[in-house]
Each structure stands twice: as structure tokens, then as C-alpha cells.
Amino acid sequence: MKITDLKCAIMGGAPIIRITTDVGIDGYGQAEFYKSYLKPHVLFYRDMIIGLDPTNVEAVMQRIRRMGAFKPWGAAVSAIEVALWDIAGKAAGLPIYKLLGGKVRDKVRTYITTNRYPMPTQTPAEYVENVLKIREWPEQFTIFKQPISFHSPMAITTPNYSYGERRPWGVHSNRGVMTAQGMTHTVACVAAMKEALGDSIGLALDCGPGFMPQDAVRFAQACEPYNLLWLEDMLSGDYTPFVTADQYRDVKNKTSTPLHTGEQMYLRQNFMELIEKRAVDVIGPDPLDVGGIAELKWICEYADMHGIMMAPHGTGNGLIGLAALVQVCATLPDNFIAFEYPKANHPWWYEIIDGLPDQIVKESFVDVWDKPGLGISFRVNAAKKYLEAGDERFFD
Ligand SMILES: [Mg+2]
């Protein structure tokens, strides 16, 4: 089998990737729906993989893996990797999890990131109102991850939150030393949410990046009575093109509240320091940023050998990303907690993708399906109307 083309179309903001072959099997991948600008980056790899056998996934990846980087520049490589596995699975007549060594669970736990309603005042009462609404969702999620502090508008809307100027631009651009008022306000929001939710919901917080290590210690210690699942990205993380393993280890050694990072990181080599120094308690690579699903599995196994847990990122990954997450998470060792649920960014996605259960999440779990490859496909006629000008021949 040979790769005949690598195509990319933007659908609903998401770069959708299609690899075609000379035997008529095709494979799909995608990047986050925030990353429409990646189309030329995807096509950059086209000539490097045409003519190769897509079922030799690793051999194809060796051609392109060197030319990727931390988020967002690992997404195109990662999406191609997923499409290759989709083809390999279809060619073998097996779900991808079988090609990764087989599943160890029949259903996979997923968690929800809970910033789904407007929260203009960022007060404890508003945080409580928000999480209580999510608790009523039919999916009955058992783990919530609430953006807070520098990962939320709180750092801008709360008066005197931190020392230094407010930065209204960019992605998570605020960083600095917190005031006593800022610290007290943040802890009050955590306490209020925990009081409202009790212990029936596991609560994690996406916190930054933006904390100084000294404030991170104080905040993590202040959270100790609340038995949180993890504090994410306090020091570095989302859209940080480096890893601050020593700083994370300093904070970790001073608190019992688990620390989490890694969603922006690319490739197993970049996790070495974090894992080998046991600098955090949980890592959260995204299969669509880290270099793909086989890469994520390798990292998860290495983390397990070092006593580190795994909760993969995925909030913007769309339905193809959901399928990739389900396939790989079915194979992960027992350090796996849950993956971040990718809710589609438009309702029409559920009409143009075939193969997903009618109710995808039941009591916070997704049943692992058994169809070949990713196990999903496009309803092409329905999907065509969402193609942008210039992409009309994407499904041809
Ligand atoms: Mg995050």
C-alpha cells in the first residue's frame, strides 16, 4: 500500500486531515478547532510522505517527526500520525487499540472542563453556580476541571489580583506575584466549589501558567484540605515552549496537592526530565500535540514506571480527536485517570460523523467501540456543505 495524497480542509475552524492510498483506504486526523492557521503547516509534510506505506506508521513518522515542536507546532505531525493509524486499522480490519497492544478496559473515563457558562464577576458564588449547572448534564461527569486564577479572567477582573500590569492580549499572558487579596480570593472560590460539590465529584483546577513558584507553594498548601485531583500548569504549561521541571519539583516537594502539566509538550524526549525527576504528580499530554497516540502511550508507560499519573488533554480535539483518545486510553496502564472530553464546537459535527454512540458519555465513561481504525467515518454528502471555498474536492 502507498500513500497517494495528504489533504487538509478547514471545517468549523478545525484542520481536518485526510490521507489517501492506492488501494482506496483513507485515514482521518485533525487538530484542535482553535488552529485553522495550521493548514499550510499540514501540507508542508505532503511531499515527505507520498509513496510511503502508511501501515508502517513509525517509518512514516520518522520522515516528519523531527520537523515539529511544542504546541501549536506539534499538531500537524500528530494529526498525520492519527490518520496513519486509522489506515493501518482499516487495512487490518481491527480497531486501533488492537494495533497498540490491545485494550485493558472496555470503557474509558473522561472528565469535563467546566468553563461552559459566562462568569463575568469571577466570584465564589459564580464558580458554585457554574459547577452546579455542569453537575446536571446528562453525561454525569465524575471529574470536573475548573479554569481559575491565571487560566481564567479572574486574574484580570479581580481588583488588585497580582502585582504588575494587566495583559489583555494573547493566550494566558498574565503572570506575576499574587497579592494577599488575589490569593485569598482564589482559595475562597476553591472552598466554595468544594463545599457545593462535596466529594462525589473529583475537582481539578487549571491554574496558569502564571504563578511564581513561591505563590504556587502557598496556593497548593492552602488547597490541601480540599483533596483536589490536581493543580494544572501553575508555573509553565499551555503555550509555554519549555519545561520548568526543577521549579515544579521544588513546589511538589512542599505540598500534598498533586501537580499536573504537559499539554503543550511535544515528544517523549521532552518528558524525560519531568518524569525522571518526578517533578509533577500527573502529566497531561494531548495526543494531537505530543506527536500522536503511540507517542502518548509510550509516555504514559514511562510515567507509570516512575509513579506518575496520566490525564490526557483534549478539550479542543473534536470528534476525530475523541475517537483517537478513546482508542489510546483503552490501552493505557493503571496510572490513567481520565481524558479531557472534547465536546464538538458545532452541533452539526454529530450529524456528519458516523460511528459514535447516540449518547457518547454515560456516567462519565465512553464505551470502547470495535470498528476498524478510529471506527468513525464522514457522512460525505452531509459533510460537504461545511467545506470552505477551495476545499470542495477534499472528499474526492
Ligand atoms: Mg490546561
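Assess whether residue 148 counts as being among the aliphatic types (A, V, I, L, M), assigned by TED's automatic domain parsing to the domain that holds residue 109, free of Cβ contacts under 8 Å to residues at least 40 places away in the same chain and within 22 Å of residue 311 (Cα to Cα). Can you show your working first?
Working: among the aliphatic types (A, V, I, L, M): yes; assigned by TED's automatic domain parsing to the domain that holds residue 109: yes; free of Cβ contacts under 8 Å to residues at least 40 places away in the same chain: no; within 22 Å of residue 311 (Cα to Cα): yes.
Criteria not met by residue 148.
Is it fair to say residue 231 is on the phi < 0 side of the Ramachandran plot and within 12 Å of the ligand (Cβ to nearest atom)?
yes
Anything in segment 124-153 that is within 15 Å of the ligand (Cβ to nearest atom), of a type in the set (A, V, I, L, M, F, W, C), closer than 22 Å to residue 195 by Cα and not in a loop (DSSP other than H, G, I, E, B)? List them, or say none.
Narrowing segment 124-153 to residues within 15 Å of the ligand (Cβ to nearest atom): 143-152.
Next, only the ones that are of a type in the set (A, V, I, L, M, F, W, C) stay: 143-144, 148, 150.
If we keep only those that are closer than 22 Å to residue 195 by Cα too, we end up with 143-144, 148.
Answer for segment 124-153, where residues must be within 15 Å of the ligand (Cβ to nearest atom), of a type in the set (A, V, I, L, M, F, W, C), closer than 22 Å to residue 195 by Cα and not in a loop (DSSP other than H, G, I, E, B): 143, 144.
With the checklist (1) without any contact (Cβ under 8 Å) to a residue 40 or more places away in the chain; (2) loosely packed, with under 15 Cβ neighbours inside 10 Å; (3) over 17 Å from residue 289 (Cα atoms) in hand, flag the one item residue 98 doesn't pass.
(2)
Only one of 320, 353 is touching a helix residue (DSSP H, G or I) at 6+ places or on another chain (Cβ under 6 Å) and buried (at least 18 other Cβ atoms within 10 Å of the Cβ); which? Spell out the reasoning first.
Values: 320 fails: touching a helix residue (DSSP H, G or I) at 6+ places or on another chain (Cβ under 6 Å).
Matching residue, one of 320, 353: 353.
Sort through 304, 289, 358 and tell me the only one that's farther than 27 Å from residue 250 by Cβ and of a type outside the set (Gly, Ala, Ser). Let's see the steps before the verdict.
Details: 304 fails: farther than 27 Å from residue 250 by Cβ; 289 fails: farther than 27 Å from residue 250 by Cβ.
Being farther than 27 Å from residue 250 by Cβ and of a type outside the set (Gly, Ala, Ser) holds for just one of 304, 289, 358, which is 358.
Would you check if residue 85 is modelled with pLDDT of 95 or more and farther than 18 Å from residue 327 by Cα?
Working: modelled with pLDDT of 95 or more: yes; farther than 18 Å from residue 327 by Cα: no.
Answer is no for this residue.
Across segment 119-175, which residue is nearest to the chain's Cα centre (by Cα) among those that are at pLDDT 95 or above and among the acidic types (Asp, Glu)?
Checking each candidate, the answer is 139.
Residue 50 passes all but one of (1) touching a strand residue (DSSP E or B) at 6+ places or on another chain (Cβ under 6 Å); (2) assigned by TED's automatic domain parsing to the domain that holds residue 155; which number fails?
Result: residue 50 fails condition (2) only.
Is it the case that residue 296 is within 16 Å of the ligand (Cβ to nearest atom), closer than 26 Å to residue 322 by Cβ and in a helix (DSSP H, G or I)? Can you show your working first?
On the way: within 16 Å of the ligand (Cβ to nearest atom): yes; closer than 26 Å to residue 322 by Cβ: yes; in a helix (DSSP H, G or I): yes.
Spelling it out, residue 296 is indeed within 16 Å of the ligand (Cβ to nearest atom), closer than 26 Å to residue 322 by Cβ and in a helix (DSSP H, G or I).
The values are calculated or read from the model by the stated rules, or taken from the named source; none is laboratory data. Note that the structure is a prediction, hence the values are computed from the model and not measured. Glycine also receives a Cβ, built like all others from the backbone with ideal geometry; neighbour counts cover every protein chain displayed.
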